[in-house]
Amino acid sequence: MNRTFHLVSLGCPKNLVDSEVVYGLLEKAGWNGVDEPEEAAVLLINTCGFIQPAVEESIEEILQLATYKSADPSKKLVVIGCLVQRYREKLEAELEEVDLFVGTEGVVQVAPLLNRLADGIETDSLVIGDPFLMTSALPRRRSTPFFRAWLKITEGCDNRCSYCMIPSIRGRLRSRSEEDLVEESRALVDGGVRELSLVAQDLTAYGTDLCGERRLESLVRKLLDRTSVDWIRLLYLYPSTVSTELIDIIAENDRIVPYLDIPLQHVSTKILKAMNRRYNREVAVDLVAEIRKRIPDAALRTTLLLGFPGETEDDVKEVESFLRDTELDHVGVFAYANEEGSAAERFSLQVEEDEIRERLARIITLQSEISQRRLRRFVSRVEPVLIEGVSRETDLLLEGRTRYQAPDIDGCVLINEGDTRSGEIVEVEITEAQIYDLVGRIV
Ligand code: SF4
């Protein structure tokens, strides 16, 4: 068998980092990645499985790749990642077309296992592996543009939100050392990275497993001092552990973008308690007020989970009033659904699906007006923009993002005047605010 593989990566940036490490390890072991599945001897898919829609998407993608194997039975189909970690034997029994399953902890085993497959050596068809934590020493083939990278600072999660299956899929919290993260960041910056987005299941938990105390503030200071990265972005901050010190660091350092991603999930104290989140409405309100006081112009992003068991009309009204009062910039709104094996699955007072849909639509409509209003504050301002390249909509425009727009999640800036290269940070005068995007010209 020739040593070629085609890799499909699903799910969140944290999963993408795993895919990038798997890719790097395979290349180091002499394998070649190919863009077209028809050309690959091994079809490899890194799955997501933390909620049902993601599970369904993963299964569809596996079946799609399986059609290439049906057309050419000499190909091998290998499924790795969260879906395997979550459903294990069940998948093995139901997806006969798959040759090998590897769980999230088996990242470093994929290359040797594929070698065995290629050499026709019999091997277990399901490998889960021991708890894995990436290090800067592992080869990583990045899939993001050269000027931007994800930095995964922890693995797993010690929180026990009652709706969430991540801790049982990804295991206990494990933080990488500050030294190792500085090392990796320096290498990324040497390779052209200008914006580093720190990701984790819960960014503020960083360090608690290493030394019993939160170390995100210390890590961020080290990244500022010991790398020359232009922009640092902090994603997934747990609300009650965003410290005043962290807010101060962001306020005092231009190189940390004024953008805070704080998943609140809800704001009704009763629902937050049932969700097993460690804060209440007051904490959420105070946190937003404190951030606005210290960093008046910060862009705030959150996610909300609506329709949690026991949620009443009054709880939804609380969400509405919170959104009206706080005027957050970006809000991702999701419908609660029971996750097999989660604590909330057994909760009484489940909300009807129709009702959840109606609540979701209401909140989305309300927030879209607020988000548009917030976006309009940029018109006439001159903002630094990290240029990504020619716009995906038309090659007559350039596209980039301000510090207030996170890659892959928020809108962008469409540039209709002036020219520059991808990866440059240039000053752009914002001339128009559309529904999600801004329009501007290079000055
Ligand atoms: S913080 Fe809660 S929602 Fe997020 S991964 Fe951990 S348990 Fe899941």
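Details
- Summed over region 154-188, the residues that are closer than 29 Å to E388 by Cα, surrounded by 22 or more Cβ atoms within 10 Å (Cβ to Cβ) and among the β-branched types (V, I, T) give a count of 1.
- Test: residue in region 309-322 that is open to solvent by less than 30 Å² (accessible area, probe 1.4 Å), in contact (Cβ under 8 Å) with a residue 60 or more places away in the chain and farther than 18 Å from Q372 by Cα: no
- Among residues of region 28-48 that are more than 12 Å from N115 (Cα to Cα), those with a Cβ under 7 angstrom from a residue that is among the hydroxyl-bearing types (S, T, Y) and open to solvent by 30 Å² or more (accessible area, probe 1.4 Å), sequence gap 6+ or separate chain, pair up as G33/Y23; P37/Y68; E38/Y68; L43/Y68; N46/S9.
- On inspection, V288 does not qualify as open to solvent by less than 10 Å² (accessible area, probe 1.4 Å) and either free of Cβ contacts under 8 Å to residues at least 40 places away in the same chain or more than 30 Å from E345 (Cβ to Cβ) (or both).
- Scope region 22-33; condition outside any loop (DSSP other than H, G, I, E, B) and either crowded, with 21+ Cβ neighbours inside 10 Å or in contact with a Cys (Cβ under 9 Å, 6 or more places away or on another chain) (or both); matching residues: V22, Y23, L25, L26
- Only a single item in (1) over 29 Å from S177 (Cα atoms); (2) in a loop (DSSP other than H, G, I, E, B); (3) away from the ligand (no atom under 16 Å from the Cβ) is not met by E282, and it is number (2).
- Residue that is least open to solvent (accessible area, probe 1.4 Å) [pool: residues in region 342-376 that are touching a residue at least 12 places away in the same chain (Cβ under 8 Å) and basic (K, R)]: R359
- Within region 97-105, at least one residue is crowded, with 17+ Cβ neighbours inside 10 Å, closer than 27 Å to P53 by Cβ and within 14 Å of the ligand (Cβ to nearest atom).
- When residues in region 239-259 are screened for being within 16 Å of the ligand (Cβ to nearest atom) and either open to solvent by less than 10 Å² (accessible area, probe 1.4 Å) or within 15 Å of K293 (Cβ to Cβ) (or both), 2 of them pass.
The values are calculated or read from the model by the stated rules, or taken from the named source; none is laboratory data. Because the structure is a prediction, the values reported are computed rather than measured. No Cβ is skipped: glycine too gets one built from the backbone with ideal geometry, and neighbour counts run over all protein chains shown. When the accessible area is computed, the model is the full protein with side chains, heavy atoms only, and any ligands, DNA or RNA have been set aside. Shrake-Rupley method; radii C 1.70, N 1.55, O 1.52, S 1.80 Å.
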